[in-house]
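Here's the structure we're looking at; comments come further down.
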Amino acid sequence: MPEFQHHLFICTNERDKDASRPSCLPQGGKKLKSAFKDAVKDAGLKHLVRANESGCLDQCEHGPVVVVYPEAVWYGFVKLEDVEEIVNEHLLHGRPVERLRLPSACLNTEHCPHKPAPKRK
């Protein structure tokens, strides 16, 4: 069996509803995982692409979040209707879906247009 060409990590983290940050599960993380698994299989990529459920990827304000390795392409605000496009464009044809791609300036930073401003003391 060949090695996997891609790994998808789909955030399914869940926080308490009164947490200070959102989480991906209530925004559809589990449904996305199932949809990706089905789309990968339907595209004939089952033995080349692994779609995994993930805990928190720490991009909570961009959720639901999906990251594709080995390219380290981060997708944010992913909806069920985006799954086929990501599989067809990115996984089959090697073209990341730019409209869903998170800007690198928003990754691993405290300041991003999607994050609330820090509270002043």
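Coordinate-derived values only; no laboratory data. This structure is a prediction, so every number in the text was calculated from the model and none was measured. Here the Cβ positions follow ideal geometry from the backbone for every residue, glycine too, while neighbour counts run over all protein chains shown.
When restricted to residues that are of a type in the set (A, V, I, L, M) and farther than 16 Å from residue 33 by Cβ, the range 1-20 contains 2. Screening residue 74 against (1) under 20 Å from residue 4 (Cβ atoms); (2) without any contact (Cβ under 8 Å) to a residue 60 or more places away in the chain; (3) surrounded by fewer than 14 Cβ atoms within 10 Å (Cβ to Cβ); (4) not aliphatic (A, V, I, L, M) leaves a single unmet condition, (3). Pairs meeting the criteria (first residue in the range 31-60 and within 30 Å of residue 109 (Cβ to Cβ), second residue among the basic types (Lys, Arg) and part of a loop (DSSP other than H, G, I, E, B), beta carbons under 9 Å, at least 6 apart or on different chains) are 32/79; 56/15; 60/15; 60/21; 60/115.
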